[in-house]
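Participant: The following block contains the structure, expressed as structure tokens.
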Amino acid sequence: MRLATTWLDGVPSLDSRDLREVQRVSCALLDRLAGDRDLLTRLVSDVLHDPERLAASRVTLLLNRMSLYQAADRGFEIRLNMNPRPGNQRVAHDHCYAFATRIFTGGYVHVVRRRTNGWDGPFTGADLEPGIMTIERPGSAYTLGETMVHQAVMEPDTVTLFVRGPRRKKLSHAAQELMPSRETWPAPAQPGEQAVESRPVTVDEYMRMRDYLIQRRLIN
């Protein structure tokens, strides 16, 4: 389903190697969307009627995410992240893309690590050294490139807006010896199915996510 025209359709491309430019565009986008409650409400509501965005909304071993807006032609997707699983937050990992995050509610301890074995490929905890640690609170934002390794220990009520850029690497990586055990993975969508680290949300899960946002007065 194609959304009616909004100011999001005028956001410039994020298909850039200039991380400062990605940060400038992303932070302006996230700040404006955080203040546009009507549009945010509409984006959340319309996910249910858009098979592509519903399929891209996922339950993962770290948190739940909702795909709000997709602009493949401009190299970005906007997500809403929520329902963090505190016991699974300590895994140091990287991403296949640059991204920016803005905290809506809650907060977390955020650690950016320095790799000692190169900028790409698998790593373990022994390949990481302490870098920068920050305390993220509502209204704060940051941008990271695809070579950076980080971890976040989130408060249970944390909700964040997230915009990702185009894929720059084939795979993302995590410190395997720190990965959560299979017992903590998301429950299967249907009885009898195998548990996986990440899967699409069900309609019932989407409805619970939407209700969660309404109850916390983040959307109308």
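The values are calculated or read from the model by the stated rules, or taken from the named source; none is laboratory data. Just so it is clear, the structure is predicted and the values come from calculations on it, not from any experiment. Cβ sites come from the backbone with ideal geometry, for glycine too, and all protein chains shown count toward neighbours. The protein model used for the area step is the full one, side chains on, heavy atoms only, and it has no ligands, DNA or RNA in it. Shrake-Rupley method; radii C 1.70, N 1.55, O 1.52, S 1.80 Å.
Participant: What length, rounded to one decimal in nm, is gained on full extension from H150 through to I135, with 0.36 nm per residue of separation minus their alpha-carbon distance? Mind showing how you got there, number by number?
Facilitator: Numbers: separation 15, 0.36 × 15 = 5.40 nm, distance 1.33 nm.
Here the segment from H150 to I135 would lengthen by 4.1 nm.
Participant: Tell me, what is the 1.4 Å probe accessible area of W7, in Å² to the nearest 10?
Facilitator: Accessible surface of W7 is approximately 50 Å².
Participant: Hydropathy first: keep DSSP H helices in the chain averaging at least -0.5 on Kyte-Doolittle, then drop any whose Cα extent along the axis falls short of 15 Å, and list what survives. Each step should come with its number before you reach the end.
Facilitator: Numbers: long enough: 19-35 (24 Å, 0.26); 37-47 (16 Å, 0.21); 203-215 (18 Å, -0.72).
Within the chain the helices that satisfy the rule are 19-35, 37-47.
Participant: Could you look at the chain and say what percent of its accessible area is carbon and sulfur, using a 1.4 Å probe and all protein chains?
Facilitator: 53 percent
Participant: With +1 assigned to the C-beta of every Lys and Arg and -1 to the C-beta of every Asp and Glu, and no other charges, what is the dipole magnitude of the chain about the Cα centre in debye, to the nearest 20?
Facilitator: That gives the chain a dipole magnitude of about 220 debye.
Participant: Something else about it: Excluding ligands, DNA and RNA, what is the solvent-accessible area per residue of the chain at a probe of 1.4 Å, expressed in Å²?
Facilitator: Normalised by residue count, the accessible surface of the chain is 50 Å².
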